[in-house]
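Asks: Before anything else, here's the structure in question.
Nothing in this text is a laboratory measurement; each read-out follows from the coordinates by a stated rule. All values derive from a computational prediction rather than experimental measurement. When we count neighbours, we look across all protein chains shown, and the Cβ atoms used for this are built from the backbone with ideal geometry, even at glycine.
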Amino acid sequence: MKIRIKGNTVRLRLTKPEVETFNTTGFLEERTDFFPNPFVYAIKADGTATELKVIFQDGRLDMLVPAGWVKDWTNSNRVGFESSMKTEKGSSIYLMLEKDFKCLDQTVEDQYDQYENPLKLKS
């Protein structure tokens, strides 16, 4: 699972095996072992959520995903989900959860477990 944060935008991208694991277990977690405290980020299927929501507490970011959204995602062409969440200070945080596609350029990154890029499939 990859995380990208820029300003008030949080984007998580999942490989094929990660989407399948999330579909099966309703949970997925990653961590970066910063010193002295790790940064942990996770996604959780939530039966009460109606849109994406994020909670950040004690160096941990949890994205809550409506449980009903998860079941059909694995085998569909749907790329992902997005929502805006109001903060207590009145601003908004834009949230995205997406399937991770293979790059179209010649990257050295291992991409064996990523989804085929739909732009490549059209050419």
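Asks: With Cβ to Cβ distances under 14 Å as the rule, what net charge do the other residues near LYS86 carry (K, R +1; D, E -1)?
Replies: Neighbour charge sum, excluding LYS86 itself: 0.
Asks: Also, I was wondering about something else. Measuring from label point to label point, each 7 Å out along Cα→Cβ, what is the PHE39 to GLU20 span in nm?
Replies: Computed distance between label sites PHE39 and GLU20 equals 3.0 nm.
Asks: Specify whether the C-alpha gyration tensor of the stretch 14-57 places it in the rounded, prolate or oblate class, a ≥ b ≥ c being the square roots of the eigenvalues: rounded for a/c under 1.5, otherwise prolate if a/b is larger than b/c and oblate if not.
Replies: Oblate.
Asks: Hey, another quick one. Give me the number: length gained by fully extending GLU29 to THR87, i.e. 0.36 nm times residue separation minus the C-alpha to C-alpha distance, one decimal in nm.
Replies: Taking 0.36 nm per residue and subtracting the Cα distance, the gain is 18.5 nm.
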